[in-house]
Amino acid sequence: MYKLTDVKKDYQKGRGTVQALRGVDLRIGDGEWLAIQGPTGHGKTTLLQMLGGLDRPTSGIIEFGDPGGKDLAKLREAEVTKVRAESIGFIFQTFNLVPTLSAQENVEAALVPLHVTAEQRRTRAAQALADVGLADRARHLPSELSGGQQQRVAIARALVKEPKVLLADEPTGNLDEGTRDEIIGLLERLWRDHHLTLVLVTHDSTVARRAQRLGIMKNGKLSIKQDSRQAPTSAV
């Protein structure tokens, strides 16, 4: 699904340069679940943005898809946007729901770039909400939902376009322990049922231990630790 080769990312900060990624090499197999941990400011979110085509590396190769697939680092912006819209779902710590739209409308919004008909949008969004246990909250605004329910809407929005990859940046960071366990249990079920490739950034070791593999980001470098419960589908 992914093959990263010597990926580097530099940012200018004043007169200096911040090296957010320092030569990351990584393979992520189709259907694999990789969790990434590490201190704040050491490159976790930057790496996730590279995988999602939300940012470009300073140098290096980010192959996506089948072996020898597209290099996200070199695609034109319109092509990267198409890949994101069709193949990658995003989940964020802050939910990123539109406050003036209902849960149903927030989920439907993910299908607009795919030129899905209005009837298909309604049907698919309703099913996605049902899949995350919110069929009875479809008409509620985000302000009328709990934090856990808002994150479920965000998960439905990510899944409604039937992506190949799900990228989650601290998806339980704003939730209490009980709700955290519910959301991670839901993500694990959806990962298995939909045969997704899941990459999840988290500070929470309880969450990270659920994954097949664990990556540690420190000073812009990534090291991989294998979970003893389950062999990974690929290795770095």
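Read-outs: derived from the displayed coordinates by stated rules, not from any lab. Note that the coordinates shown come from a computational prediction; the quantities given were computed from them, not determined experimentally. A quick note on method: Cβ atoms are made from the backbone with ideal geometry, for glycine too, and the neighbour counts reach across all protein chains shown.
Evaluate the relative contact order of the chain (contact order divided by residue number), counting alpha-carbon pairs under 8 angstrom at least 6 apart; express in whole percent.
Once normalised by length, the contact order is 29 percent.
Spelling out what I want: for every residue of the range 95-112, take phi, set θ = phi - 60°, compute 6.51 cos²θ - 1.76 cosθ + 1.60 (Karplus), and round to whole Hz; glycine and proline get x.
For the range 95-112, the Karplus-derived couplings read 6, 6, 7, 7, x, 8, 9, 6, 4, 4, 5, 4, 5, 4, 4, 5, 8, 4 Hz, x marking Gly and Pro.
Would you list which lysines come within 21 Å of Lys161, measuring only between C-alpha atoms, while excluding same-chain residues fewer than 8 positions from it?
Filter leaves Lys70, Lys82.
Mind checking Rg over Rh on the range 2-226, alpha carbons, Kirkwood formula for Rh?
Expressed as Rg/Rh, it is 0.97.
Given 0.36 nm per residue, what is the gain on full extension from Asn96 to Ala109 after removing their alpha carbon distance, in nm?
My answer for the length gained is 3.5 nm.
As an exercise, use a Förster radius of 22 Å and the Cβ-Cβ distance of Arg209 and Arg189 to find the FRET efficiency, rounded to the nearest 0.05.
The value I calculate is 0.85.
Determine the dipole magnitude for the range 1-99: charges of +1 sit on the beta-carbon of Lys and Arg, -1 on that of Asp and Glu, nothing else is charged, the reference point is the Cα centre, and the result goes in debye to the nearest 20.
Dipole size: approximately 440 debye.
Can you tally the net charge around Pro39? Count Lys and Arg as +1, Asp and Glu as -1, for every other residue whose Cβ sits under 13 Å from the Cβ of Pro39.
Within the 13 Å Cβ shell, the charges total +3.
Placing unit charges on C-beta atoms (Lys and Arg positive, Asp and Glu negative, everything else neutral), compute the dipole magnitude of the range 1-58 about its Cα centre in debye, rounded to 20.
Computed about the Cα centre, the dipole is about 300 debye.
At a Cα cut-off below 27 Å, give the lysines reachable from Lys13, other chains included and same-chain residues fewer than 8 away excluded.
Straight-distance partners of Lys13: Lys44, Lys74, Lys218, Lys221.
How much FRET efficiency would the formula 1/(1 + (r/R0)^6) give for Val18 and Thr117, where r is the Cβ-Cβ distance and R0 is 30 Å, rounded to 0.05?
0.10
Net charge near Thr17: determine it from the other residues with C-beta under 15 Å of the C-beta of Thr17, scoring Lys and Arg +1 and Asp and Glu -1.
With Lys, Arg at +1 and Asp, Glu at -1, the neighbours total +4.
Where a Cα-Cα gap under 20 Å defines reach, which aspartates and glutamates qualify for Lys225, not counting those fewer than 8 residues away within the same chain?
Asp6, Asp25, Asp30, Glu32, Asp169, Glu170, Glu188, Asp204
Once the dipole of the range 2-226 is set up with Lys and Arg at +1 and Asp and Glu at -1 on Cβ about the Cα centre, which of Leu26, Gly14, Pro99 lies farthest towards its positive end?
With unit charges placed on the Cβ atoms, the residue in question is Gly14.
Given a Förster distance of 35 Å, report the FRET efficiency between Thr40 and Leu141 from their Cβ-Cβ distance, rounded to the nearest 0.05.
After rounding to 0.05, the efficiency reads 0.65.
Using +1 on the beta carbon of Lys and Arg, -1 on that of Asp and Glu, and nothing else charged, what's the dipole of the chain about the Cα centre, debye to 20?
680 debye
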